[in-house]
1. With respect to HIS194, determine if the residue is within 18 Å of SER114 (Cα to Cα), in the same structural domain as GLY92 (by TED's automatic domain parsing) and touching a residue at least 60 places away in the same chain (Cβ under 8 Å).
2. Kindly establish whether GLY84 is over 17 Å from TYR189 (Cα atoms) and either modelled with pLDDT of 95 or more or among the polar types (S, T, N, Q) (or both).
3. Quick check on SER281: is it loosely packed, with under 15 Cβ neighbours inside 10 Å, outside the structural domain of VAL218 (by TED's automatic domain parsing) and modelled with pLDDT under 95?
4. Out of region 228-251, which residues are surrounded by 19 or more Cβ atoms within 10 Å (Cβ to Cβ), among the hydrophobic types (A, V, I, L, M, F, W, C) and in a strand (DSSP E or B)?
5. Kindly indicate whether any position in region 213-223 is touching a Gly at 6+ places or on another chain (Cβ under 8 Å), part of a loop (DSSP other than H, G, I, E, B) and either modelled with pLDDT of 95 or more or among the hydrophobic types (A, V, I, L, M, F, W, C) (or both).
6. Checking the condition over 30 Å from TYR187 (Cβ atoms), part of a helix (DSSP H, G or I), without any contact (Cβ under 8 Å) to a residue 40 or more places away in the chain and basic (Lys, Arg), which residue from ARG313, ARG268 passes?
7. Filter region 31-49 for residues that are more than 16 Å from ASN243 (Cα to Cα) and in contact (Cβ under 8 Å) with a residue 12 or more places away in the chain and give the result.
8. Looking only at region 198-210, count how many residues are more than 13 Å from ILE158 (Cα to Cα) and surrounded by fewer than 19 Cβ atoms within 10 Å (Cβ to Cβ).
Amino acid sequence: MFKFIHSADIHLDSPLCGLDRYEGAPVAEIRGATRRAFINLVQLAVEENVSFILICGDLYNGDWKDYNTGLFLSKQLSELRGAGIRVFIVAGNHDAESRITRSLRMPDNVRLLSTTAPESIILDDVGAAIHGQGLPTGAVTKDLASSYPGAAKGFFNIGLLHTSINGREGHENYAPCSPETLLSKGYDYWALGHVHKREVLHINPWIVFPGNTQGRHVKETGPKGCTLVSVRDGMCRSMEHRNLHVLRWSMCEVDVSGACHPEDVVDRVRGSVEAEFSKESEGFLAARVHISGPCRAHGKLSGNPEKWINEVRSAVTDACEGAVWLEKIKIGTSTEADLKQMLKRNDSLGDLLRYIESLESSDTRELMQLITDDIVNLKAKLPLEAGKDSIGNESPEKIRDMLKDVKHVLISRLLGAVSDR
């Protein structure tokens, strides 16, 4: 029996994106998150006494800024050598040979597979055969898998490939191939990389994307890590995901419909984020919060969004003891007023709302002509919370979204002014 770890898309020293700095944010804890995730990978390998680790592309995030990336990596790989653990790597599009201008000699327990043709490595001690080819350049559109050799008889065969298969949303279509091509090789396990979301494409034989080891932005949500595989008598006996992430990303949609006061909204958001944070016991949480729903609190929220955004940050920081980073908070609430009834009003408010409705329903050409003619005056008249600073050469879709925001801000302000008389 032997065990191995399948990992990919480590993107060592890649910075996390979109994290605003503010008082109470866990800046120190998540700095260097990709390095700490790699340390977790090494520790897991030692604890599980694996025979080898597979890294299926994008170990790096492109060229090194300096040699510190290589020095850190060399130290971690040397720890694996001390534990008798081998490492097999294929280059991905981000660390293709043509993009790395600095290099350090790898420890002798590490094998970087060829980028010119498929290469096979026989491990007699465990009864495994590893086949793979790295990407020779940053953008490979050729089907590399079709050139891989057939399975070696009497061995547990593993294929390593950095690929998009037949295409995956959000990823360039590199080294494309079909699952049928992979299955035709007769391998027992295909270790893939490039797609950052964990996915099992086929069972027995296994075709697996393990996902990346550390999410780098809000589109890479959920637990991140590697796949631990156990092999006995030439067959895969278990295959399980293991978390490695330091920081977990999440999208929190919070419905505050019916909330009477901004403080009620803050409480609901805090509760929602706390619930999301409690789903995983490991690491920190980075969350993007979208607050929506018709409520009486809308007027005060839209009147001073900066205050209430920071009230939310403060409440969440206190409740989660600084272990949550709110990447962005968007207030998308609306007034509780019945818009259909207000559109029927025979007064200036009704006239204004009907005009805005007509803009929203305009065809693209008419809408953009209006925007071109009136953009300067419109920006001068809009309140800050309606998005005036973000208006420029926007798409019709974005303009329509802003018109909806303007509509609700106007309703809230005008009704508030009437009730205050």
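The values are calculated or read from the model by the stated rules, or taken from the named source; none is laboratory data. None of these values were measured; they are calculated from a predicted model. Virtual Cβ from ideal backbone geometry, glycine too; neighbours counted across all protein chains shown.
1. On the way: within 18 Å of SER114 (Cα to Cα): yes; in the same structural domain as GLY92 (by TED's automatic domain parsing): yes; touching a residue at least 60 places away in the same chain (Cβ under 8 Å): yes.
Criteria met by HIS194.
2. Details: over 17 Å from TYR189 (Cα atoms): yes; either modelled with pLDDT of 95 or more or among the polar types (S, T, N, Q) (or both): yes.
Spelling it out, GLY84 is indeed over 17 Å from TYR189 (Cα atoms) and either modelled with pLDDT of 95 or more or among the polar types (S, T, N, Q) (or both).
3. Details: loosely packed, with under 15 Cβ neighbours inside 10 Å: yes; outside the structural domain of VAL218 (by TED's automatic domain parsing): yes; modelled with pLDDT under 95: yes.
In short, yes.
4. LEU228, VAL229, VAL231, LEU247, TRP249, listed by residue number.
5. Within region 213-223, the first condition is being touching a Gly at 6+ places or on another chain (Cβ under 8 Å), and the residues that meet it are 213, 215, 217-219, 221-222.
Next cut, part of a loop (DSSP other than H, G, I, E, B) only: 213, 215, 217-219.
Still in the running and either modelled with pLDDT of 95 or more or among the hydrophobic types (A, V, I, L, M, F, W, C) (or both): 213, 218.
Scanning region 213-223, I find at least one residue that is touching a Gly at 6+ places or on another chain (Cβ under 8 Å), part of a loop (DSSP other than H, G, I, E, B) and either modelled with pLDDT of 95 or more or among the hydrophobic types (A, V, I, L, M, F, W, C) (or both), so the answer is yes.
6. Numbers: ARG313 fails: without any contact (Cβ under 8 Å) to a residue 40 or more places away in the chain.
None of the others qualify; the one that does is ARG268.
7. GLY32, ASN49
8. Here is the first cut: in region 198-210, the residues more than 13 Å from ILE158 (Cα to Cα) are 198-203, 209-210.
Now narrow it down to the ones that are surrounded by fewer than 19 Cβ atoms within 10 Å (Cβ to Cβ): 198-203.
So the answer is 6.
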